[in-house]
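K.L.:
One structure, pasted below without further comment.
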Amino acid sequence: MTTVPPPASDTVLAAVSESLLELLGLTELHPETELVDSGVLSSLAMVGLIAKLERRFDIRIGKDDLELTNFRTPLAITRLVSAKTAATSAG
Amino acid sequence: MSETFALSGCLPPDVPEILELQDALWHGEEHNLAYYHWKYRDNPYLDGRFSVLARDGSGRVVGMVGVFGSRWERDGARFTLPCVTDTIVVPEHRNSPLFHLMLDEAARRLRDAGIPWLLDFGDQGAIPAMLLRGWKMAGPWPLSVVTRTGDPFRPGWADEPVRTGTRSGVPISVATGDEHTIAAMAEVASRVPDDGRVRVARDAEYYAWRAANPMADYRYLVAGDEKPVGFLVGHRFVLDPADGDTPTTIVECEADDPDVKADLVDVAHDLLPGRWILLCTQDLPAEAREVLLRRGAEISEPTGRFALDGHLPTLMLKPTGAEPGAPVPPDLAEPGSWDVRGTPGRAWR
């Protein structure tokens, strides 16, 4: 079996940002933009984001992953996705 | 998002503005005030003191989170827990933090009153965002959907002849939500043994209050001759047209034994109106599940994926920060804590 390495972090960041821009209808988004308390990431957009990330990276984001620290910024989401993809590859 | 909101409780002088705000949710002047009074003023467990209203800088009401009382029991001890309902935000503030600000305010008020949990059976699309803000999730639970073939709209509900259950041989009759039916339901529910989980406290007071819901069209089936041995309640939204393509949800199904429960489910799928019949199958006995499968039910099991499970019933719980004291158990956030054997729908609402 060929082991697929996890995507590099900036690749993941680009994909996360692209997903967010599309979902939120924005043209730019800083990696440190606050998404949750600011209301930028709405409830419905969040459901869409999770579905997109699960499909794109073949990962599963469960209820235990739904912590503020994992979704506060695009960078935080990138860290979560990177950890998930690494765990999937290692598993 | 720099706009600030004034958050307050819902007081009697606020009612006209609340009704205007909720018009989009409750659909129609005729029903709005009756529903508001039923849900908050006439609730036997809690008045509307923990509901939250939001006003913008001009003083206009722009959002509401209703909080009503629900009654639960475990190991013979009963306790009231507040439940979120009737949440609404005006269009220009949707997708803003206002909804969560109001929820947080309701939780803060409950914490200050020493109430440890806030429940929600509401909008499934909000679940991930609620989890981020410290809510817990019990569920989701599986759901059966039976699509009716042919014409599912039988006229003359009250004139339906008595059926005989094919498994149990017990007669099953249609009923209205009168005091006899309410007494029969409370009697059957009182015989269901406690299994150590938390369940809805179902007595005559509860059923009488729920039967008075002016926004619900309840359809009742009662099993048994002189002694009731089971019952089932189907729910439709009262403003749904009688022949409309809308679902009917089985919100309660209780019986002394599984065969009677299966017969009630079977007869319900013959008699209830509605293009689709919905039934949460969590805790449903195998006998009743067989009936559903024979009738071509599509049973959606939880997948663990939010995008796929959004239509499944889920119970959300927010720990307010108040210490749980007896008799409220501390482990409410555990999925196995909840007994929904007889209340497969939103019977508690």
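The values are calculated or read from the model by the stated rules, or taken from the named source; none is laboratory data. All of these numbers come straight from a predicted model, not from anything done at the bench. Cβ placement follows ideal geometry from the backbone for every residue including glycine, while neighbour counts extend to all protein chains displayed. Keep in mind that these areas ignore ligands, DNA and RNA; they rest on the heavy atoms of the full protein, side chains included. Shrake-Rupley method; radii C 1.70, N 1.55, O 1.52, S 1.80 Å.
K.L.:
Going Cα to Cα from residue B:227, which lysines come in below 17 Å? Please leave out same-chain ones fewer than 8 positions away.
P.N.:
Within reach: B:261.
K.L.:
Above 31 angstrom, tally the Cα pairs of chain B and express them as a % of all pairs, no decimals.
P.N.:
So the pairs more than 31 Å apart make up 34 percent of the total in chain B.
K.L.:
Given the alpha-carbon gyration tensor of the range B:212-348, what are the semi-axes of its equivalent ellipsoid in whole angstrom, ordered largest first, with each equal to the square root of 5 times an eigenvalue?
P.N.:
Taking √(5λ) for each Cα gyration eigenvalue gives 27, 19, 17 Å.
K.L.:
Would you rank B:68, B:153 by solvent-accessible area, highest first, keeping every protein chain in place and using a 1.4 Å probe?
P.N.:
Largest accessible area first, the list is B:153, B:68.
K.L.:
A further question on this structure: Mind grabbing the interface size between A and B? I mean buried accessible area, both sides, 1.4 Å probe, in Å² to the nearest hundred.
P.N.:
1700
K.L.:
Hey, got the dipole for the range A:9-86? About the Cα centre, +1 on K and R Cβ, -1 on D and E Cβ, debye to the nearest 20?
P.N.:
Dipole of the range A:9-86, to the nearest 20 debye: 280 debye.
K.L.:
Distance in nm between label sites at residue B:49 and residue B:308, each 7 Å beyond Cα in the beta-carbon direction?
P.N.:
Result for the modelled spin labels: 4.6 nm.
K.L.:
Along the charge dipole of chain A, pointing to its positive end and built from +1/-1 on Cβ of Lys, Arg, Asp and Glu, which listed residue (A:36, A:82, A:19) has its Cα farthest out?
P.N.:
A:82
K.L.:
Right, here's the next one. Project the alpha carbons of the protein assembly as shown onto their principal axes and report the range along each, largest first, in whole Å.
P.N.:
Rounded to whole Å, the extents work out to 72, 65, 46 Å.
K.L.:
Who wins for biggest fluctuation among B:161, B:116, B:313 in a Gaussian network model of chain B, springs between alpha carbons below 10 Å?
P.N.:
B:161
K.L.:
Tell me, what is the FRET efficiency for residue B:42 and residue A:30 to the nearest 0.05, using R0 = 56 angstrom and their Cβ-Cβ distance as r?
P.N.:
The calculated FRET efficiency here is 0.65.
K.L.:
At each listed q (0.09, 0.13, 0.17 Å⁻¹), what is the log10 of I(q)/I(0) that the Debye formula gives for the range B:1-159 modelled as equal alpha-carbon point scatterers?
P.N.:
Taken in order of the listed q values, log10 I(q)/I(0) reads -0.37, -0.72, -1.09.
K.L.:
May I pose another question? Which order do the peptides A:81-90, A:36-45 come out in when sorted by mean C-beta neighbours inside 10 angstrom, highest first?
P.N.:
Top to bottom by mean Cβ count within 10 Å: A:36-45, A:81-90.
K.L.:
Moving on to the next point. Averaged across A:36-42, how many Cβ atoms of other chains sit within 10 Å of each residue's Cβ atom?
P.N.:
6
K.L.:
Roughly how many debye, to the nearest 20, is the charge dipole of the protein assembly as shown about its Cα centre, given +1 on each Lys and Arg Cβ, -1 on each Asp and Glu Cβ, and no other charges?
P.N.:
For the protein assembly as shown, the charge dipole is close to 720 debye.
K.L.:
To continue, here is another question. Which whole number gives the average, over all residues in A:54-62, of C-beta atoms from other chains lying within 10 Å of the residue C-beta?
P.N.:
2
K.L.:
What's the extension gain from residue B:159 to residue B:178 if we count 0.36 nm per residue and subtract their Cα-Cα distance?
P.N.:
Full extension of this stretch gives 5.2 nm more.
K.L.:
Run the dipole for chain B about the Cα centre, Lys and Arg Cβ at +1, Asp and Glu Cβ at -1, nothing else charged, and hand back the magnitude in debye, nearest 20.
P.N.:
Here chain B has a charge dipole of around 700 debye.
K.L.:
Using alpha-carbon positions, what is the distance between the centroids of the range B:62-82 and the range B:309-334, in Å?
P.N.:
Measuring centre to centre over Cα atoms gives 11 Å.
K.L.:
Stretch residue A:67-residue A:21 to full length: gain in nm at 0.36 nm per residue minus the Cα-Cα span?
P.N.:
14.4 nm
K.L.:
So, one more: So for the pair residue B:147, residue B:166, with labels modelled 7 Å out along Cα→Cβ, what separation do we get in nm?
P.N.:
2.2
K.L.:
When you have a sec, figure out the Kirkwood radius of chain A from all distinct Cα pair distances and drop it here in Å to one decimal?
P.N.:
13.3
K.L.:
Once you keep just the Cα pairs under 8 angstrom separated by 6 or more residues, what percentage relative contact order results for the range B:143-300?
P.N.:
Relative contact order, the range B:143-300: 32 percent.
K.L.:
Just the accessible area per residue of the range B:143-300, please: how many Å² with a 1.4 Å probe?
P.N.:
So the range B:143-300 comes to 41 Å² accessible per residue, rounded to a whole number.
K.L.:
Right, something else. Accessible area of chain B with a 1.4 Å probe: how many percent of it is carbon plus sulfur?
P.N.:
Of all accessible area on chain B, carbon and sulfur atoms account for 51 percent.
K.L.:
To the nearest whole percent, what portion of all C-alpha pairs in the range B:143-300 is separated by more than 28 angstrom?
P.N.:
Summing the P(r) of the range B:143-300 above 28 Å gives 14 percent of all pairs.
K.L.:
When you count, for each residue, the other Cβ atoms within 10 Å and take the mean per peptide, how do B:249-260, B:104-115, B:43-54 rank with the highest first?
P.N.:
B:249-260, B:43-54, B:104-115
K.L.:
Defining a contact as two alpha carbons under 8 Å apart and six or more residues distant in sequence, what relative contact order in percent does chain B show?
P.N.:
RCO, chain B: 21 percent.
K.L.:
At what distance in nm do the modelled label points of residue B:78 and residue A:87 sit from each other, each positioned 7 Å from its Cα along Cα→Cβ?
P.N.:
Each label point lies 7 Å from its Cα, and together they span 4.4 nm.
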